[in-house]
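The values are calculated or read from the model by the stated rules, or taken from the named source; none is laboratory data. Computed from a predicted model, the values in this text were never measured in an experiment. Here the Cβ positions follow ideal geometry from the backbone for every residue, glycine too, while neighbour counts run over all protein chains shown. The accessibility values were calculated without ligands, DNA or RNA, using every heavy atom of the protein model including side chains. Shrake-Rupley method; radii C 1.70, N 1.55, O 1.52, S 1.80 Å.
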Amino acid sequence: MSEMYLYNTLTRKREAFKPLDLSLVRMYTCGPTVYNDAHVGNLRSYLFADLLRRTLEYNGYKVKQVMNVTDVGHLTSDANTGEDKVEVRARKEGKSAWEIAAHYTERFQQDLERLNVLFPTIMVKATDHITEQIDLIKVLEKKGYTYQTDDGIYFDTSKFQSYVKLAKLDLKGLMAGARVEYNPQKRNPTDFALWKFSPEEVKKQMEWESPWGKGFPGWHIECSAMSMKYLGETFDIHTGGVDHIPVHHTNEIAQSEAATGKKFVNYWLHGEFLILGEDQKMAKSAGNFITLQTLVEKGFNPLAYRYLCLTAHYRSKLQFSWESLQAAQNALNNLYAAIGMFGEPKTGCAEYEERFLKAINDDLDAPKALAVVWELIKSDLPPSAKAASLSKFDQVLALNLQEERRKRQRLPQGAEELIKEREEARKIKDWAKSDALREKLHQLGLEVEDTPAGPKWKVIK
Ligand code: AMP
Ligand code: ZN
């Protein structure tokens with residue numbers, strides 16, 4: 001087995017990956033808060049986790065991946081104040097919080113499917129694990145890590161010695177910068193709610209009895225409770241976006257390790273943000289977000305977005321623009337056109353396969369892996385070898401290369417050339433020629449429709 005290297009946020013080092021158990025890699029991915037559609041920035045995070053999982057599997061590992069769905073407890077302010085995001089949305093839409101969560105969970109799953117993101121081995125909802133969360137808080141209480149305020153049960157971060165480890169937090173700076181309105185009953189600005197009491201003035205839709213009173217879990221505790229339930233007290237990999245480093249993941253480590261006395265996770269991997277313009281982050285709360293559905297409605301193939309994400313390393317920021325998406329779509333079309341010509345796969349090319357593996361095993365260097373793909377396509381190797389290696393690479397890239405190759409091979413004879421010729425004509429805006437070619441294709445039994453994603457065609461006879 002070739003060595004896989006991953007950048008571990010915990011140590012700030014690129015490390016050789018060694019799973020606890022060679023027969024099964026245990027991995028947890030922080031999932032969505034289901035009060036709205038995911039935006040393409042969120043989806044970049046899941047594409048990164050999928051690339052990691054596919055790379056592990058490509059290396060021969062079996063992977064158990066758990067993802068949570070936050071359907072309760074994520075408040076409008078990350079400082080443990082404000083209202084539950086799902087309930088706010090429910091009120092706006094005149095639906096129940098449960099309906100909202102179910103609706104957006106389904107939409108999220110559809111997005112994953114359209115992007116060829118492998119479905120997690122287990123996808124679990126916070127509301128289905130209230131007992132587990134209460135049990136974990138009880139352990140923390142028994143060990144003396146908790147205290148009560150008027151609005152909930154809090155974790156005392158000063159009692160957990162290595163609290164700053166993951167984020168290398170500057171606690172003094174945090175103290176000084178703490179916002180004035182922060183809960184004055186909190187002992188430290190970094191303390192966070194494990195259990196929140198239901199407010200007396202509003203009737204909450206999602207609330208449960210607990211040893212401390214009626215209420216609901218804080219946001220962080222769900223990931224500790226569910227990951228440890230399905231993956232054990234210590235597991236291999238935990239993923240999420242970089243925004244999770246200073247708060248959510250720092251708190252997950254604190255409450256898990258305080259409860260078990262064991263190391264929680266060996267490798268922490270974080271995906272950088274998708275940004276707009278210079279450095280504007282795409283955020284649900286900022287209202288500047290673009291969904292996958294919008295891309296599809298504009299005529300793009302969702303996999304063009306997957307391709308775009310592969311062009312940047314997961315630890316680099318990626319700037320989104322319609323131009324870059326169009327460039328990714330064009331590259332994908334060219335890839336499909338090339339593959340369409342290669343015929344049946346036979347024996348692949350060991351040299352290129354080795355280089356591809358080396359690239360993705362180097363902390364998931366997808367841009368380098370894509371460069372290998374294009375070099376292979378342009379090489380003098382026999383088409384059947386190219387087809388074979390590319391179909392292997394697609395286990396990681398997940399761009400539907402095999403499917404597109406087969407689709408193109410079903411094309412009537414001569415159609416591929418006509419499609420290409422027509423594309424050329426369209427590029428130089430020779431509409432008369434492009435229309436004439438469309439008619440020719442029609443006679444061959446193909447219906448062509450032009451979309452921003454390039455011409456789409458279907459066999460009509
Ligand atoms: P949420 O549904 O808000 O809990 O976020 C889901 C995931 O998306 C988290 O792992 C975030 O870190 C990640 N995320 C949020 N915004 C972006 C962005 N602009 N680019 C990449 N990932 C993001
Ligand atoms: Zn989480």
Restricting the stretch 207-232 to residues that are of a type in the set (Phe, Trp, Tyr) and over 10 Å from residue 130 (Cα atoms), the residue that is farthest from ligand 2 (Cβ to nearest atom):
212
Listed residues 47, 56; which is in a helix (DSSP H, G or I), at pLDDT 95 or above and within 16 Å of ligand 1 (Cβ to nearest atom)?
47
Pairs needed: first member in the stretch 99-114, within 25 Å of residue 399 (Cα to Cα); second member anywhere, open to solvent by 60 Å² or more (accessible area, probe 1.4 Å) and at pLDDT 95 or above; C-beta distance under 7 Å; at least 6 residues apart or different chains.
112/119
Does residue 102 qualify as being of a type in the set (Gly, Ala, Ser), farther than 20 Å from residue 232 by Cβ and open to solvent by less than 10 Å² (accessible area, probe 1.4 Å)?
no
Looking at 239, 260, which is the one that is at pLDDT 95 or above, out of contact with any strand residue (DSSP E or B) (no Cβ under 9 Å at 6 or more places or on another chain), on the phi < 0 side of the Ramachandran plot and open to solvent by less than 40 Å² (accessible area, probe 1.4 Å)?
260
Filter result for the condition that a residue is part of a helix (DSSP H, G or I), open to solvent by 20 Å² or more (accessible area, probe 1.4 Å) and not charged (D, E, K, R), over 413, 395:
395
Residues of the stretch 336-364 that turn out to be within 22 Å of residue 44 (Cα to Cα) and open to solvent by less than 30 Å² (accessible area, probe 1.4 Å), as a count
6
Modelled with pLDDT of 95 or more and assigned by TED's automatic domain parsing to the domain that holds residue 22 - does that describe any residue in the stretch 178-189?
no
Based on this model, can you work out whether residue 216 counts as within 25 Å of residue 11 (Cα to Cα), open to solvent by less than 30 Å² (accessible area, probe 1.4 Å) and at pLDDT 85 or above?
no
So which residues in the stretch 29-57 are in contact with a helix residue (DSSP H, G or I) (Cβ under 7 Å, 6 or more places away or on another chain), more than 16 Å from ligand 2 (Cβ to nearest atom) and not charged (D, E, K, R), if there are any at all?
36, 40, 43, 47, 51, 55
Which pairs have Cβ atoms under 7 Å, sit 6 or more apart or on different chains, and link a residue in the stretch 58-75 that is within 16 Å of ligand 2 (Cβ to nearest atom) to one that is open to solvent by 10 Å² or more (accessible area, probe 1.4 Å) and of a type in the set (S, T, N, Q)?
65/121; 66/121; 69/105; 70/33; 71/127; 72/127; 74/33; 75/81
Quick one: how many residues across the stretch 59-91 are open to solvent by less than 20 Å² (accessible area, probe 1.4 Å), more than 16 Å from ligand 1 (Cβ to nearest atom), modelled with pLDDT of 95 or more and not in a loop (DSSP other than H, G, I, E, B)?
1
